[in-house]
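Readers should treat all values here as calculations from the given coordinates under stated rules, not as data from a laboratory. Bear in mind the structure is a predicted one, so any value in this text is a computation, not a measurement. Cβ sites come from the backbone with ideal geometry, for glycine too, and all protein chains shown count toward neighbours.
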Amino acid sequence: MITSPAVSSPASSFASLPRFNRPTFLMCAPEWYDVNYVINPWMAGNLHQSSRDTAFSQWKTLHHHLQQIADIRLLHPRQGSPDMVFVGHSALVQHGVAAISSFAHPQRQTEESHLRRWFQETGFLVWDTPRETAFEGEGDVVFDATGDRLWAAHGSRTCLQSHRHLADAWHTSVNSLHLVDPRFYHLDLCFMPLSGGELLYFPEAFDAASLAKIEEAFSADKRIAISEIEATQFGCNVINVGENILMGSVDTDLAQRLRNQGYKVTELNLSEFIRGGGSAKSLVLRLSDMDVTHGSPVNS
């Protein structure tokens with residue numbers, strides 16, 4: 001379902017859509033951020049426990065570090081939408097096409113119109129998702145490191161039917177994965193393809209059939225399995241820009257293991273956002289194409 005500009009197929013208009021020649025991300029400041037409701041397991045017990053001042057400080061630190069390696073566009077936060085700061089859940093972007101999320105919970109559906117307007121005004125082709133087909137942006141779906149294939153999850157928050165709808169937007173193949181642990185209700189909490197061809201993932205979040213797909217696509221030497229402790233500290237929820245990784249603090253040697261793979265890793269305190277169910281990757285939305293975002297692969 002295409003809303004703007006009106007064309008017969010996304011692929012036919014790629015050439016005229018926004019292009020970024022540097023890694024570029026969208027962010028939204030936590031001006032109204034709070035844990036006002038419970039729509040995921042991480043929010044339980046954290047109602048109104050977050051500090052907006054601390055969240056703003058942590059967000060600004062992330063913004064500062066990301067600005068050293070990428071360009072940043074800003075989305076204006078809206079009162080009544082406290083989770084807009086998790087802008088990574090709002091859409092999936094590639095080749096100037098933005099597939100807008102269809103949030104499962106009414107509390108986040110208020111964000112959709114703001115994102116749709118921003119993308120339309122910025123010149124993107126908007127690919128709408130039917131309301132009955134739940135899909136939550138890069139929280140649920142990611143391109144592989146080359147941008148040639150989609151990895152998509154379904155479970156408590158996302159419909160399996162959304163996967164084909166999204167694949168049609170870019171006329172690409174999609175690998176569907178089933179999430180079975182309610183703590184990892186989004187793919188970005190347990191699965192992250194990296195620029196060097198590795199996969200950062202938490203195996204226990206997936207069913208056996210999904211693990212078989214993962215093991216077929218990524219050889220054993222490319223799979224970086226993390227522990228439950230690392231997963232519950234959102235060790236997979238990282239921002240990867242070429243050889244750089246920005247991630248929330250994890251109380252293990254995970255950062256060093258990633259450095260051993262050739263990455264430059266920066267750990268940041270993002271504790272206020274974990275209360276709401278997100279970390280570094282959830283706080284940004286990639287706008288640049290995958291080849292631009294990653295540049296030369298780490299292990300090339």
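Quick notes on this one:
- Kirkwood Rh in Å, taken over region 224-290 so that all alpha-carbon pairs contribute: 12.2 Å
- 19 Å Cα cut-off, lysine pairs counted over the chain (separation 8 or more, or different chains): 4
- Spin-label model distance (nm) - HIS65 vs ASP221, 7 Å beyond Cα toward Cβ: 3.0 nm
- Prolate/oblate/rounded call for region 160-300, Cα gyration tensor, a/c under 1.5 rounded: rounded
- Per residue of the chain, the DSSP helices (runs of n ≥ 4 H) give a summed -39500 (n - 2.57) that works out to -6500 deg cm²/dmol at 222 nm.
- DSSP beta bridge pairing in region 21-291, given as percent antiparallel to the nearest 5: 45 percent
- Gyration tensor verdict on region 188-253 (Cα atoms; rounded if a/c is under 1.5, prolate if a/b is larger than b/c, oblate otherwise): oblate
- Percent RCO, i.e. relative contact order, over region 21-291, from Cα pairs under 8 Å lying at least 6 residues apart: 23 percent
- The chain - Kirkwood radius from inverse mean 1/r over Cα pairs (Å): 18.9 Å
- A simple spin-label model places pseudo-atoms 7 Å from Cα toward Cβ; at GLU121 and SER271 they are separated by 3.7 nm.
- Using Cβ point charges alone (K and R +1, D and E -1), the dipole size of region 21-291 about the Cα centre works out to roughly 440 debye.
- The length gained by stretching the chain between ARG22 and ARG257 to full extension, at 0.36 nm per residue less their Cα-Cα distance, is 81.9 nm.
- Extent along principal axes [Cα atoms of region 102-190; Å; largest to smallest]: 37, 32, 21
- Take 219-229, 276-286 and order them by the average number of nearby Cβ atoms within 10 Å per residue, most first; the result is 276-286, 219-229.
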